[in-house]
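The values are calculated or read from the model by the stated rules, or taken from the named source; none is laboratory data. Note that the coordinates shown come from a computational prediction; the quantities given were computed from them, not determined experimentally. Methodologically, a virtual Cβ is constructed for each residue, glycine included, from the backbone with ideal geometry; neighbour enumeration extends over all protein chains shown.
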Amino acid sequence: ETMPFFNQESLQQRLQALIDGARESWAYAIFWQSSVVDFASQTVLGWGDGYYKGEEDKNKRRGSSSSAANFVAEQEHRKKVLRELNSLISGVQASAGNGTDDAVDEEVTDTEWFFLISMTQSFVNGNGLPGLAMYSSSPIWVTGTEKLAASQCERARQAQGFGLQTIVCIPSANGVVELGSTELIFQSSDLMNKVKYLFNFNIDMG
Amino acid sequence: LSAVPQARKASLARFLERRKERVVSA
């Protein structure tokens, strides 16, 4: 069934339905939207929308590779960026008024940071895991830190560096659905079918 | 921020808002 009308709101709901209803524990879902850059006749996958759920136990991986000093410095950097983004967003939004910094002072986890920097990324003609999935019209499912670390795709290696153990890219109409988890999750047709059902639409972002 | 596409801006606002909710409910 093709769903002809589609907007940002329903895209968010579909991403949420995909991982909130899953048996497996996914940390996030991202929809990479394809568009054609006219002057170069290239297909580019850019940020469409994302839903961040988080991992079950965020303390599990704490301090694995970096020193305590590095951890503190990195957290300071992340919190500073978050603080700036918060003020930019609340400056744009009319009724954002009573800003407390509680949320910013809380540790910014590796998966939160990975999700956040994903918003700045895009993939051209078959590059990166999402681009490769789109180009080959077939899903890419990478499970295990060794496989992620050994991948030719920088995004997979980056994901591994931020503690993800599974990353999946499933092509759909108009883009690619990506899911990531800090758990080991093996390929299932159930997830593919869900993506096929939820993301078979004609996009209209307004 | 005005140069940031609307989709990313909306996603970012939603992410920050949900983060606040997670911290408050923790």
Check: Which condition breaks for residue A:134 when tested against (1) surrounded by 23 or more Cβ atoms within 10 Å (Cβ to Cβ); (2) within 14 Å of chain B (Cβ to nearest Cβ); (3) over 15 Å from the mean Cα position of the chain (by Cα)?
Finding: (2)
Check: Tell me, which helices (runs of 4 or more DSSP H) lie completely within segment A:73-173 with 2 or more residues that are at pLDDT 95 or above and closer than 18 Å to residue B:11 by Cβ?
Finding: A:110-118
Notebook entry, point to check: Taking residue A:189, is it surrounded by fewer than 17 Cβ atoms within 10 Å (Cβ to Cβ), among the small types (Gly, Ala, Ser) and at pLDDT below 95?
Noted result: yes
